[in-house]
Amino acid sequence: MMFRSHMEAALTEARAAAARGEVPVGAVIVAPSGEVIARAGNRTRELCDPTAHAEVLAMRAACAATGSERLPGHDLYVTLEPCPMCAAAISFARIGRLYYGASDPKSGGVAQGPRVFSHPQCHHAPDIYDGISAEPAEALLREFFAERRAP
Ligand SMILES: [Zn+2]
């Protein structure tokens, strides 16, 4: 089967998050059938919820759609390297494959910082593919924070 990236859909969610004044991060979850079953962008400000990261919201929606607390065989695409909280939730959800775009030296928890999936207490690690459409994901974040810093 040909690999088809769903990162463009995640980028669309990231752009929508930026338009809402949220940090532009987007995520989608793809079922084993190839169908996108959840899409989300950051909503921490809107929901007054520090855990409302794109990955968490997408996993909640996908779990609700499948009627299960776990998503084995599912792919999660996210525009930015997951933070430690999201990485732990991805492990709990038994996500099969994780595709992410930009790396996050400041808050990432996959390739840097706590490296959640490499930790001995981590019971499930997805297959990880990084740097997928990293350039547009980085550009979105750069623009978002540059605008905020502007006088
Ligand atoms: Zn997160």
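All of the numbers you see were taken from the coordinates with simple rules; none came from a lab. Because the structure is predicted, anything quoted here is derived from the model rather than measured. Every residue, glycine among them, receives a Cβ derived from its backbone with ideal geometry; neighbour counts consider all protein chains shown.
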When Lys and Arg each count +1 and Asp and Glu each count -1, what net charge do the other residues less than 15 Å away from Ile90, Cβ to Cβ, add up to? -2
Contour minus Cα-Cα distance for Arg115 and Arg149 (0.36 nm per residue): 9.3 nm
What residues of region 64-105 lie in the reach of a label at Asp127, counting those whose backbone N is under 15 Å from a point 7 Å from the Cα along Cα→Cβ? 72-77, 95-100
Rounded, prolate or oblate, given the Cα gyration tensor of region 38-136, with a/c below 1.5 counting as rounded? rounded
Extending each Cα 7 Å along its Cβ direction at Arg60 and Arg20, get the distance between those two points in nm, one decimal. 1.0 nm
Contact order relative to length for region 24-135, counting C-alpha pairs under 8 Å separated by 6 or more residues, stands in percent at 23 percent
Residues with amide H under 5 Å of Tyr129's amide H, sequence separation 5 or more or different chain, H placed in the peptide plane at 1.01 Å from N; which? Leu98, Tyr99, Tyr100
For the Cα atoms of the chain, what angle does the longest principal axis make with the long axis of helix 54-66, in degrees from 0 to 90, nearest 10? 40 degrees
Distance from region 78-129 to region 1-34 (C-alpha centre basis), Å: 16 Å
Would you mind checking the tilt of helix 134-149 against the longest principal axis of the Cα atoms of the chain, expressed as 0 to 90 degrees and rounded to 10? 40 degrees
